[in-house]
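Input: a single structure, listed below in structure tokens.
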Amino acid sequence: MSDFERPAFRASSVRARVKPFLAMDVLNAAVARENAGAPVIHLEIGEPAAPPPRLVREAAIKALGGTRISYTQALGRPSLRERIARYYRDRHALTVAAERVVVTTGSSGGFVLAFLALFDVGARVLIANPGYPAYRNIMQALGVEAVGAATSAATGHIVTAGMIEAAHRVQSLDGVLLMSPANPTGVMTPAPELAAICRTCDRLGIAFISDEIYHGLTYGAPEASALATTERAVVINSFSKYYCMTGWRVGWMVVPESLVRPIERLQQNLSISVPTLSQIAAEAAFDCVDELEAVKAGYAANRAVLMDELPRIGFGRIQPMDGAFYAYVDVGEFTNDSVAFCGKMLAEAGVATTPGLDFDPDNGRRALRISYAGSADDIRGAVAALKGWLRA
Ligand SMILES: Cc1ncc(COP(=O)(O)O)c(C=O)c1O
């Protein structure tokens, strides 16, 4: 076939040119090292080492033995939506109508639905830097502009209501997406500030999306939900983190009544429904608090080891770890290329961590994230390996 006859090869769309998730790239490098026979301590992925609770596994096994695994309603199984609504009553003393609960394919599926339901192409949505990388990348793929609000150690890595109002005055915002406790910093927005953010967004007519995926994982003051202040917020949550169900791909949203039908239509068309087996299993997760609190106690112990040991081995500049299971470390005195630094750490010390550049395109070259969701042995082993490596 001559070049003339050959149909033009269509490479990817411009919208598909999103950045890779560097944490997953680090995982690939770490697995390659393991395949070559060298040990690796994995601190790069934000994933509980614990299996899902026993009742979750039993519910799935029982369902596989009998029930037909058919599609569910696009908004989710009614019993799961009811159970999620009850969670708000039990945990937050809030009345949430089950009709406002949407079951999603992890919180990741919730972001796509929320962005599509709330924003048109060209909309401007404020997010925190550093922050969860997929926010920016999903928005880019959907033609939504992510407006990064720089936070710093000096201000506790928190986006405030005042910052939102100031940014909106410079150029108007359509939305704000924040998380608390936060990835990668572990910082929690104090409840009064979260309430002020909700009120400010409502007053200015800005959609507020509250990513509450790390709820349940706090080590001091308990977390607050945006739903305590406003029914207009879109709240996103997941069974991935506290409930140890990452691979089950099931999460949820609570949305204002006006968004229920638009989101139902989107979900019907985008995925028909969320995996049924995961929905059945997830319903049991709420009854496993003792088991899950024991897992959380392990994170708390890991966190205590890191807070003691990191400064001793030379990683002194860490953010307060209020919640989640991450330590965000300023490594500016060692490098201004966190990707190369993490690569060297993996190659020489066998410890996999995530470069800050994943979370912050501006200042992330001088930071890295350590996940302490793994075992106590991993954390102690990593501290020992890093101590030797940093002294070498
Ligand atoms: C802040 C935050 N939001 C959302 C997610 C996505 O989680 P999932 O899609 O498993 O619910 C993550 C995963 O690490 C996260 O850190």
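The values are calculated or read from the model by the stated rules, or taken from the named source; none is laboratory data. Keep in mind the model is a prediction, meaning the values are calculated, not measured. Please note: Cβ atoms are built from the backbone with ideal geometry, for glycine as well, and neighbour counts cover all protein chains shown.
Some points to look at:
- Of the residues making up the stretch 72-90, none is in the same structural domain as Y243 (by TED's automatic domain parsing), surrounded by fewer than 12 Cβ atoms within 10 Å (Cβ to Cβ) and modelled with pLDDT under 90.
- Only one entry of I61, I84 meets the criterion of being more than 16 Å from the ligand (Cβ to nearest atom), on the phi < 0 side of the Ramachandran plot and among the β-branched types (V, I, T), and that entry is I61.
- Within this structure, L173 passes the test of being away from the ligand (no atom under 16 Å from the Cβ), of a type in the set (A, V, I, L, M), crowded, with 20+ Cβ neighbours inside 10 Å and within 17 Å of T230 (Cβ to Cβ).
- Per the listing G247, G220, the residue uniquely within 13 Å of the ligand (Cβ to nearest atom), among the small types (G, A, S) and on the phi < 0 side of the Ramachandran plot is G247.
- Lone qualifier among I272, I213, I263, I280 - being assigned to a loop (DSSP other than H, G, I, E, B), away from the ligand (no atom under 16 Å from the Cβ), modelled with pLDDT of 95 or more and aliphatic (A, V, I, L, M): I272
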